[in-house]
1. Return the residues of segment A:108-128 that are out of contact with any Ser or Thr (no Cβ under 8 Å at 6 or more places or on another chain), part of a helix (DSSP H, G or I) and surrounded by fewer than 20 Cβ atoms within 10 Å (Cβ to Cβ); say none if nothing qualifies.
2. Filter segment A:112-131 down to the residues that are more than 7 Å from chain B (Cβ to nearest Cβ) and touching a residue at least 40 places away in the same chain (Cβ under 8 Å) and list them by number.
3. Can you tell me which residues in segment B:117-167 are of a type in the set (Gly, Ala, Ser), part of a strand (DSSP E or B) and over 17 Å from the mean Cα position of the chain (by Cα)?
4. Confirm whether residue B:84 is under 28 Å from residue B:13 (Cα atoms), within 14 Å of chain A (Cβ to nearest Cβ) and either in a loop (DSSP other than H, G, I, E, B) or within 16 Å of the ligand (Cβ to nearest atom) (or both).
5. Evaluate the following for residue B:96: is it more than 18 Å from residue B:52 (Cα to Cα), touching a residue at least 60 places away in the same chain (Cβ under 8 Å) and away from the ligand (no atom under 16 Å from the Cβ)?
6. Counting only residues that are within 16 Å of the ligand (Cβ to nearest atom) and of a type in the set (A, V, I, L, M, F, W, C), which one in segment B:107-131 is farthest from the other protein chains (Cβ to nearest Cβ)?
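Every read-out reported here was derived from the displayed coordinates using simple, explicitly stated rules and does not represent laboratory data. What you see is a predicted model; the values in this text were computed from it and never measured. A quick note on method: Cβ atoms are made from the backbone with ideal geometry, for glycine too, and the neighbour counts reach across all protein chains shown.
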Amino acid sequence: MKDQLYNYLLMLGDNSMILGHRLSELCGHGPALETDIALTNISLDLFGQVRGFFRYAAEVKGGEATEDSIAFLRYDREHYNCILVEQANVDFAHVIARQFFFDVFQELQLKQLVESKDEEIAAIAVKSLKETKYHLRFSSEWMKRLGDGTEESHERLQAAVDTLYPFTGEFFHETPLEKEMKENGIGVDLELIKTAFDETVSQIFVEATIKMPESKQRMVKGKYGIHSEQLGFILSDFQYMQRAYPNMEW
Amino acid sequence: MVSAQIHIASKEILTALESVSDPEIPVLTVMDLGVVRRVEVVDGLVEVDLTPTYSGCPAMDTMAADITTALNKIGYEVKMKLVMSPAWTTDWISQEGRRKLEEYGVAAPMSEELDLQALMGGKRIVKCTHCQSVNTKMISQFGSTACKALFQCEDCLEPFDYFKCLK
Ligand SMILES: [Zn+2]
């Protein structure tokens with residue numbers, strides 16, 4: 001049970017950590033100062049959530065584990081994030097579409113985790129949910145502005161949605177670990193989340209004049225530790241300092 | 001409803017805590033901010049429960065270190081614990097804290113409902129900290145830090161920060 005809980009905490013934290021890193025790459029590169037600051041602030045919130053999950057994971061694991069060792073010293077196969085969040089920034093439309101899909105999912109997931117039988121997870125969820133609501137407001141507003149904006153912004157957002165939407169199916173694929181967590185009252189019911197996710201996404205698509213992509217959901221296995229080629233590049237950047245200078249401190 | 005007020009028996013400890021400020025909004029002390037949740041002296045050791053404002057707030061580590069230093073200075077060892085529950089809300093900022101914020105040039109958080117109208121509905125209700133006009137508009141939902149939004153006054157044309165409601 002201890003191992004399962006530990007792995008589940010990694011799964012919860014990894015999405016925020018990898019997406020947080022992707023957003024941090026934009027620091028100083030946002031299309032305008034305000035959006036630059038917004039994206040890096042969202043990144044910071046996501047890393048805050050990661051700290052919550054990994055601090056607890058370290059406690060569960062015991063021994064030498066710390067939130068930092070968990071964040072910086074795992075190999076690619078030991079990461080359980082969904083493939084969506086590791087996708088490259090490409091352009092602002094991709095950044096917003098990726099953020100929007102994640103925010104919709106994450107808000108629904110956190111709402112259920114607030115009721116988790118695990119008190120620590122519930123506490124982290126309460127805290128994170130407040131912040132995620134702000135992120136979702138930001139990303140859905142931008143979905144509408146880009147989709148219902150100029151011809152170019154519309155085309156770019158539609159292209160980003162066409163590329164990224166097929167990755168969202170992975171959110172709702174229930175792994176044996178998630179099934180176990182659901183059954184013992186710690187985890188979430190992904191089927192319920194999917195219904196609400198579909199509703200919100202189609203509603204925002206309508207307002208943003210974005211067409212629902214016809215492409216099928218892709219079968220991906222990020223939650224089993226099998227990733228796209230993107231993750232290796234992210235980790236070599238993300239882990240560089242700890243790998244090059246073991247145990248260094250800020 | 002969890003109250004913002006906590007009881008600290010020792011005047012000396014309270015004074016020390018009131019000397020520790022938020023590094024990002026230096027006019028606010030950790031007591032004004034409401035992040036110190038429990039203080040107890042057990043055999044000369046001060047146990048302090050601290051709760052983060054935003055979970056990723058980089059100021060938290062600094063505040064924790066500064067609290068320890070301040071209490072060490074008056075001769076206490078400190079045992080600091082980071083508590084996540086109940087989660088911090090802007091309601092825990094004291095009246096004194098709200099006044100200092102406004103004086104400093106940051107508009108204090110409004111109620112959840114008004115906050116939503118200002119941030120999402122484009123309503124002009126946030127008071128400019130320079131000239132008190134409410135003829136203001138949001139420039140960005142995220143300002144210089146995650147907890148603030150950036151506004152501009154259309155009367156005096158100055159920009160200012162608004163401390164967003166977090167509930
Ligand atoms: Zn003004």
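1. A:111, A:112, A:120
2. A:112, A:113, A:116, A:117, A:118, A:120, A:121, listed by residue number.
3. Hit for segment B:117-167 is B:140, nothing else.
4. yes
5. yes
6. B:131
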